[in-house]
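Colleague: One structure coming up, written as C-alpha cells, with questions to follow.
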Amino acid sequence: HKKLAELLALEGRTEEAIEQGVQAAEIDWKSGHRQEAWRQIQSILRDHPDQTAPRLLAIRLADEAEDKKLAIEHRKTLAQIYQNKQQPKRAIAVLREIVESDPKDLSVRRTLAQELEKENLLEEAAREHLQIGDLDIARLHVGLEGSALFRHLLQVCLARVELAAHVVQRALARRRRTLELVGLLAGIRQITLSLAAARFEVADLRFIGGVL
C-alpha cells in the first residue's frame, strides 16, 4: 500500500494515493506498528490537511490510544473542515463529540450553539447557550466582586442568557411549547436569578423578563 501510494502520488492521482496511504497506516496500526502508522498519517495530513479520511483515521487511532488531547485537536480541525465545506450536520456531530469529551470548552460550545441555530435546532441551541451561561456564572465566584473583570463577566453572562432567550422566542413563535422549551425557560429563570443575586440592575433584565 505504501509503495502504491507513492507511485500514485508521483502520477498526480492524489485521491487514490491518499486512500492507499490511509489503508497502509491502518494496516500498520493493526499489526502493532503504531509509530509507523502515526508517521504515515502525519505525513498525509501535512500534505493534505483538509482531507477528511486521514483525519477520521487519526481520530480513531487517538481514541484507541486513549490520547484525549490529540483526539480533541483532530476533532476540532475536522469540525472546521466540515464548516468550510458547508456540511453543518457533520460539523455538529463532531462538535457534540468534543463537548461530550470536554464540557468546559466554551469556544467549542459557542460554535456548536451557532451551528445548531443555523440548522434550526433551536431547543438544543438554547440549551447550549444556557450551559455556557452556567459556566460563565461559575467564574464569577472567585473573589472578584466589584472588580472590572467581575463586571465584564456579568455582562458576558447577560449576553449569553439573552441569546438563549432569543432562541427560545424563535421556537415559541412556531407554537412549539414542548417539555424541552418549558425546561429551557426554567433554566433562563434560574440564571436570571443568579445574575440578579450578583447585583445586576433589575432594569438590565427586562428583556429576559419579557420572555418569561
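Colleague: Going by what's in this entry, would ALA5 be described as at pLDDT below 90, open to solvent by 20 Å² or more (accessible area, probe 1.4 Å) and touching a Gly at 6+ places or on another chain (Cβ under 9 Å)?
Modeller: Judged against the criteria, ALA5 is not a match.
Colleague: Return a yes/no flag: does region 72-80 have any residue that is of a type in the set (Lys, Arg) and closer than 19 Å to GLY21 by Cβ.
Modeller: no
Colleague: How many residues are out of contact with any His (no Cβ under 6 Å at 6 or more places or on another chain), farther than 17 Å from ALA58 by Cα and of a type in the set (A, V, I, L, M) when one looks only at region 94-116?
Modeller: Residues in region 94-116 being out of contact with any His (no Cβ under 6 Å at 6 or more places or on another chain), farther than 17 Å from ALA58 by Cα and of a type in the set (A, V, I, L, M): 5 in total.
Colleague: Among the numbered criteria (1) closer than 21 Å to LEU61 by Cβ; (2) modelled with pLDDT under 90, which one does GLN42 miss?
Modeller: (2)
The values are calculated or read from the model by the stated rules, or taken from the named source; none is laboratory data. Just so you know, these numbers come straight off a predicted model, no measurement behind them. Cβ sites come from the backbone with ideal geometry, for glycine too, and all protein chains shown count toward neighbours. We work out accessible area using only protein heavy atoms, side chains counted, and drop any ligands, DNA or RNA first. Shrake-Rupley method; radii C 1.70, N 1.55, O 1.52, S 1.80 Å.
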